[in-house]
1. What full-extension length gain, to one decimal in nm, is calculated for Arg65 and Cys41 as 0.36 nm per residue of separation minus the Cα-Cα distance?
2. Can you list the GluC sites (Glu not before Pro) in the range 43-144 that are in a DSSP coil and have 10 or fewer other beta carbons within 10 angstrom?
3. If you stretched the chain out fully between Leu166 and Leu89, how much longer would it get, using 0.36 nm times the residue separation minus the C-alpha to C-alpha distance?
4. Out of the trypsin sites (Lys or Arg not before Pro) in the range 41-112, which ones are loop residues according to DSSP with at most 14 other C-beta atoms within 10 Å?
5. Sum up the charges of everything whose Cβ sits under 15 Å from the Cβ of Trp136, counting Lys and Arg as +1 and Asp and Glu as -1, but leave Trp136 out.
6. Where does the Debye-calculated log10 I(q)/I(0) of the chain sit at q = 0.14 Å⁻¹, using only Cα point scatterers of equal weight, no solvent?
Amino acid sequence: TVGYSQWNAMGILLLILAMIVGGGTCSTAGGMKQYRFHLMCKAIWWDFRKMLLPRAAVTEDRIWRGDAPAYIGDSHLRRVGAFCFLYLLCFAAGSLVLTAYGYSLQNSMFEFASSLGTVGISVGVTAADAPTLVLWTETLGMFLGRLEFFVVFAGAAKLLRDLWMLIRSHSFFSREKIYP
C-alpha cells in the first residue's frame, strides 16, 4: 500500500491536480478530462495571441482531435469553460465542507479530488467512522463527477418539470371543481 502521508506537499499537490484533470475524453476515468483542460490552456494562448495581433487579423482556433483538425467555436468554448468552472466550484465547496469538519486543507482537497474524480484513493479521511455529512458530501461528489454535472442537472430539471406538469394536470389542483 502507498502511504500518502509520507509524501511532501509538492507531490500531494501534483497528485491532486492529476485527479482534477482526470482521464482521456472517452475513458471511464473521472475528472475534468484532459481534452477540456487542454482546450482551456489553448484558449488562454489564443486570447493572448489575439491581443498581440492587429485588430483586422483573422484567426482560426483549432485543436487536433485524433488525426483531423477540429475548429472551435465560441459556443463550444463557453460550454467547456462553464463545465470547468462548475467542476472547480464543486471541488472548492466539497473541500470546504471537509475542512469545516476539522480536516486539514491538504487532506480535504486530496479526499474530495479523489471523490469528485472517482479515483478511489484516500489519506484516511474517508472511513466508516467519518461524519455523516462528510460521507454524503463525498458521495455527492462521486455522483456528480461520474455522471458529469450537466447530465445530472438536465435530468433533474426535466424530472422536476415533468413532475410539475403532472401535478398541474391533476384534478385536485385544477381550477374547475369536479363533482360526482
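Read-outs throughout are calculated quantities, based only on the coordinates presented, and are distinct from any laboratory measurement. Nothing here was measured: the structure is a model prediction, and the numbers come from that model. So basically every Cβ, Gly included, is an ideal-geometry build from the backbone, and we count neighbours across all protein chains shown.
1. Using 0.36 nm per residue and subtracting the Cα-Cα distance, I get 7.1 nm.
2. Of the GluC sites (Glu not before Pro), the ones in loops of the range 43-144 whose Cβ has at most 10 other Cβ atoms within 10 Å are Glu60.
3. 24.4 nm
4. Filter output for the range 41-112: Arg55.
5. Working: positive: none; negative: Glu111, Asp129, Glu138.
The answer is -3.
6. -0.87
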